[in-house]
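Just below is one structure, and these are the notes that go with it.
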């Protein structure tokens, strides 16, 4: 019988390995498949286990809303977080900090819980460029180059003025309504 | 037990320096036990020594996901189990995934486990896995075994809406296979194996694992001799003299193998488990992180002793050994069995951006893109379509090796969609089947795509029509008419293999697996070259099962005490259990079916292990028969350990040869635990299939008994009683062994008057041998325990004749001759031998 013995403590928490399998979404798909699209600021972050997975609950103060029913606050769940002494991490899950500002493409399933579409694909940073104009950005998606039908989809990332993204979403939704 | 961050005892610290490092040569989830050099990588993994039979149970949530039309939870279950089987094929790894049945999410587990659950996953995400580990690195006391961080639970989260990814698709199967790899402790790799990120994967349902995946699992869960014949490449990656952390170093051979590793924070690396041969070695930076992702390459960086991430150094130029930015500057490194090619060092140049990376290739044998590109010199595609960052028609594309090359002016914009690049290939006559590595060069930077294309002999198989029929016994058959079939073609109903009865290039006749009444299964055929009928078919082929009645089952006994190995009988009603298609689970991490046997079509015997730490209570029983699944909620209960209970511990083996099949009349052995203390042999009663068996030995907890003559071959119930206490296990009674009827040499019988002489050809007449021809490798001959050279085996009236050369070193006197057929050993036969 092989026995084991502890040789060193490796940290405060029980830690978690991680992985995710992503599927590429175009900006167009994110716009149409999202239930809500908001620009907002993170106001609070807390984590709690739900079944087998720890989720981080993120409260967002809505600055402007581009899609979805009006509400000044939105709460979303992001997989991963630290709760009850355990930390779970999922690749691709964003780590949101209070005070940060983003554009969120949100999706609600049957449970009614809001999540960022595509784990992090639907999260864009909002920052000011050197000229003081608001710019949204998201790195190019390296991994998923096929869509849900196994058809190749190239990706170039997102980097555009905030007003341009707002206009893109508006026009895309107008087309969808027609 | 948890301690504050940064704690380490003096004893432990002193021990660290003497520890063997974790097996290098792959992408594991790594912890370092120091904050600076020397870096001792410690990987996360399941503690197999704490598991029964090295098996990690995986449980599937009992809440079925939403399904596409024609899909079923049974089919989803079969795919998940098939994905687990893909890893179980790795013989060189000391771990196995064991189906433990369905469970209700939220259930507390008493032992290590992998949960497969269905969660609400937003669009853009297919699956995710998280492994919870302990707070302490532990070291095996087994000499040479590396320390590790034990995984206590892995959770695989699949989408609970599978409408867009039906279970029969290759995507679903490979995704689950990939996630199981993570659950076991493997990170993403950069060698196009199943552990590559989804889009960079070059494996298929027919060939789900690449050699890098196999080596990775084998290094994480090593078994003695598992990677025999392999060697090591080791060295250091530096930039400006400083070590480069988390550089990917890959060894590729021109025959298609690719094995990689990541560097330590000081730039050192060590790729183990490389099959002997000639390899080109290159290093490349982790690709830039994807949007929102915290780390480059989807790689979780290692954590130091303070649980702080040790990040990758950054981007640098891809460099080939011994130095150079293109493959034509590379020199091969020879890897010898058991040898280590040390000093394979790289001095790389840092850079701010990568001009080209993340290139993927596709072919279009049918209506959907197939990745990687499958190319057939005759009758198939000869071009691939590629896309990636920095790839343009002006990029230079090359194939490593000689037999396949890019055609002159063969790189151009893809006419159908100019965002993609078309690459035309040409093939020499010697171009054999298998993967080929590609290089893509843009602005002087080279990106290597291992197994970027796969050369095959012909088009993918295709199913035209499937018809249902009955054989002469009334059993259901299915006939598949199509093309591209072969003797090694496999037929899958959903993901369950069907037994093939007849095979030709255009027709396969199979026995469909058991399935629910009226079930419609998706039928696929896959060939050994990796191609599937799903490559070319717009709509999946289906097979409709008969609308027969439903089935159920009962379990006996319905209660077992913790810390017990026990026989559990599963009796079905209208079950139709099919050999090789049945498995069972108890929805618990600490209850495992060790072995199970079919007894007819409605009865199963299972030896079940209930670990001592199993909490008392009820668990569900799941029985899977092909595509049929039934659950008995709360059908089995665990009682607290009974200190007076006698217990049996299998396996039950033949004392003569350690086989688990024991012939009637032979002596079997089983461990018997008698907590009340030693008991006299006379107080032990043994029954085999309700027939009394003679106890022939009882010592040190080992019970020997003679299997009664007359017990029919097949699974049997072994029941042992001591006083009022009894315990049972299933065992297997073998057919009677072959018998030696006579011995001849030179046409005359061998006897005391005509003894055999060393070097003579001896002819043994055997009875009780299996009917038909016997291959030489099924027969062995021993004289006084010394193996002899079998010259021939031929069928004869009533049995077979076996000829062997009596070893020259055989001593004079009466020797004991035995002949074994398929491991069944004959009774000894006296062989007189004279040496002068």
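The values are calculated or read from the model by the stated rules, or taken from the named source; none is laboratory data. Nothing here was measured: the structure is a model prediction, and the numbers come from that model. Cβ coordinates were reconstructed from backbone atoms using ideal geometry, including for glycine residues, and neighbour counts include every protein chain displayed.
Among the residues here, residue B:460 qualifies as within 19 Å of residue B:370 (Cα to Cα), in contact with a helix residue (DSSP H, G or I) (Cβ under 6 Å, 6 or more places away or on another chain) and modelled with pLDDT under 95. Just a yes or no: is a residue in the stretch B:409-430 closer than 30 Å to residue B:270 by Cα and either within 11 Å of another protein chain (Cβ to nearest Cβ) or surrounded by fewer than 14 Cβ atoms within 10 Å (Cβ to Cβ) (or both)? Within the stretch B:409-430, not a single residue is closer than 30 Å to residue B:270 by Cα and either within 11 Å of another protein chain (Cβ to nearest Cβ) or surrounded by fewer than 14 Cβ atoms within 10 Å (Cβ to Cβ) (or both).
Of the strands (runs of 3 or more DSSP E) lying entirely inside the stretch B:284-390, those containing at least 1 residues that are surrounded by 19 or more Cβ atoms within 10 Å (Cβ to Cβ) and within 14 Å of chain A (Cβ to nearest Cβ) span B:357-362, B:373-375, B:383-389. Taking the stretch B:494-533 as the range and being part of a loop (DSSP other than H, G, I, E, B), over 22 Å from the mean Cα position of the chain (by Cα) and buried (at least 18 other Cβ atoms within 10 Å of the Cβ) as the test, the residues that pass are B:512, B:514, B:515, B:516, B:519.
In the stretch B:109-126, how many residues are at pLDDT 85 or above and either over 30 Å from residue A:28 (Cβ atoms) or assigned to a strand (DSSP E or B) (or both)? Within the stretch B:109-126, residues that are at pLDDT 85 or above and either over 30 Å from residue A:28 (Cβ atoms) or assigned to a strand (DSSP E or B) (or both) number 11. Evaluate the following for residue A:66: is it part of a strand (DSSP E or B), more than 15 Å from the chain's Cα centre (by Cα) and more than 30 Å from residue B:151 (Cα to Cα)? Criteria met by residue A:66. Among the residues of the stretch B:35-67 satisfying the criterion of being farther than 23 Å from residue B:112 by Cα and surrounded by fewer than 16 Cβ atoms within 10 Å (Cβ to Cβ), which is modelled with the highest pLDDT? Looking at residues that are farther than 23 Å from residue B:112 by Cα and surrounded by fewer than 16 Cβ atoms within 10 Å (Cβ to Cβ), I get B:66. Screening the stretch B:534-653 for strands (runs of 3 or more DSSP E) wholly inside it with 1 or more residues that are under 20 Å from residue B:731 (Cβ atoms) returns the ranges B:552-556, B:559-561, B:564-573, B:582-585, B:591-598, B:603-610.
Here's the yes/no breakdown for (1) crowded, with 17+ Cβ neighbours inside 10 Å; (2) free of Cβ contacts under 8 Å to residues at least 60 places away in the same chain:
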{"site": "B:538", "(1), (2)": "no, no"}
{"site": "B:590", "(1), (2)": "yes, no"}
{"site": "B:604", "(1), (2)": "yes, yes"}
{"site": "B:614", "(1), (2)": "yes, no"}
{"site": "B:623", "(1), (2)": "yes, no"}
{"site": "B:629", "(1), (2)": "yes, no"}
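Filtering B:176, B:237, B:157 for residues that are surrounded by 24 or more Cβ atoms within 10 Å (Cβ to Cβ) and more than 10 Å from every other protein chain (Cβ to nearest Cβ) leaves a single hit, B:237. Any chance the stretch B:553-560 includes a residue that's without any contact (Cβ under 8 Å) to a residue 60 or more places away in the chain, surrounded by fewer than 21 Cβ atoms within 10 Å (Cβ to Cβ) and closer than 19 Å to residue B:54 by Cβ? No, the stretch B:553-560 contains no residue that is without any contact (Cβ under 8 Å) to a residue 60 or more places away in the chain, surrounded by fewer than 21 Cβ atoms within 10 Å (Cβ to Cβ) and closer than 19 Å to residue B:54 by Cβ.
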